[in-house]
Amino acid sequence: MTRFSVTRALDLAPFKATSSSPATSSLTTNSLTATDPAAKPRFAPVSRLAMALTMVATLAACEPAEERAQGHYESGLELVEEGDPVKAKLEFRNALKLDDTHAKAHLELGKLFQGESNFGAAVGHYIAALDLDETLLEAHLRVGQLMLAANRIDDALEKSVTTYQLAPEDIEVLVLKASVEIKLENLDAAEDTVEDAARVDPNSPEVWILRTALMRRQGEDEQALAIIDEGLKRNPDHVALSLLRIDVLAALNRLDDLGDTLQGLAETYPDRLPLREALVRWNLSNSDFVSAEQNLRDLA
């Protein structure tokens, strides 16, 4: 709801014989002087491949730039699906080279840069997309989410208002709105917005995260833990909910449960090094040096 050198496309121009070309001279002489009806003019040999390339180049030159840009854009989308962001970037950039008003190409570049944590470039492309098409909901949303993460609440609030006007029943719009309201300590409004989001998608992990945040703002960590557990029943593999559970368990000083939760996460997601590192710190804080050593070996 992220991406500037531009690669040059290869132009294939039709072969043109010069006036000095032997083939041209031969053709002219034959066509002007032949008197024998059986005589045939001689042509320079041209391969089928050269002819095909000439035809392709001619057709490509006749195709409108906007259509060629759209072709690059669609190719970029396919490459994103195939998991090749580098080539996808080139396709989106080629689309913009041919049609600098292609707002969605800017949007897709922004998403690719955001995926690389290059947030400045991402926002730049989102804003460029919105300059071209202010109805692009996803671009507004992504700017708002990044502003919220950067604690630029006024900017996030502005995008929250805009997105709510565009799509008041979109789950991501409602999540952004509620998140901003919580940041502004407007808890009554946030609670109403969270329930609106729950009506749209009662299983959304973000709904349960926001409900937890509201409970914690009120100092109700026990109720917050119950909310997280219900959210995890509906989304058992959601890492953010599990990490939030660890935070609440620490606040409640329920250390045994905390250790079990952290151990389970590290085993479920062995490739996530921050989880394993957190588990090692937990082992060391409890003087469990044997487990700490084993987990350090797993990190190596």
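The values are calculated or read from the model by the stated rules, or taken from the named source; none is laboratory data. Treat the numbers as computed from the prediction; the structure is a model and nothing was measured. Backbone-built Cβ (ideal geometry, glycine too); neighbour counts: all protein chains shown. Accessible surface areas use protein heavy atoms only, side chains included; no ligands, DNA or RNA. Shrake-Rupley method; radii C 1.70, N 1.55, O 1.52, S 1.80 Å.
How much of Lys159 can a 1.4 Å solvent probe reach, expressed as accessible area in Å² and rounded to 10?
30 Å²
Provide the per-residue ³J(HN,Hα) series for the stretch 189-202, in order, calculated from phi with Karplus coefficients 6.51, -1.76, 1.60 and θ = phi - 60°, each as a whole number of Hz, with x at glycine and proline positions.
Residue by residue, the stretch 189-202 yields 5, 4, 4, 5, 5, 4, 5, 4, 5, 5, 5, 6, 8, x Hz.
Among 132-143, 193-204, how do they line up from the highest to the lowest mean number of other beta-carbon atoms within 10 Å?
132-143, 193-204
Compare Lys233, Lys111 by solvent-accessible area with a 1.4 Å probe and give them largest first, with all protein chains kept in place.
Most to least solvent-accessible, the answer reads Lys233, Lys111.
Can you give the extra length, in nm with one decimal, that the chain gains between Glu66 and Glu81 once fully stretched, where that is 0.36 nm per residue apart less the Cα-Cα distance?
3.1 nm
Report the calculated FRET efficiency for Asn286 and Glu134 (r = Cβ-Cβ distance, R0 = 45 Å), to the nearest 0.05.
Efficiency for this residue pair is about 0.25.
Can you tell me the length gained on complete extension of the stretch Arg272 to Asp154, counting 0.36 nm per residue apart and subtracting the Cα distance?
The span from Arg272 to Asp154 would gain 39.1 nm if fully extended.
For Glu108, tell me the accessible area in Å² from a 1.4 Å probe, rounded to the nearest 10.
Spelled out: Glu108, probe radius 1.4 Å, area about 20 Å².
Where does each of Ser242, Ser75, Ser117 land when they are ordered by accessible area, with a 1.4 Å probe and the largest first?
Ser117, Ser75, Ser242
Compare Tyr269, Tyr164, Tyr126, Tyr73 by solvent-accessible area with a 1.4 Å probe and give them largest first, with all protein chains kept in place.
Most to least solvent-accessible, the answer reads Tyr164, Tyr269, Tyr73, Tyr126.
Using protein chains only and a probe of 1.4 angstrom, how many square angstrom of Val86 are accessible, to the nearest 10?
My reading of the accessible area for Val86 is about 100 Å².
How far apart, in nanometres, would the label points at Glu220 and Arg199 be if each is projected 7 angstrom from Cα along the Cα-to-Cβ direction?
2.1 nm
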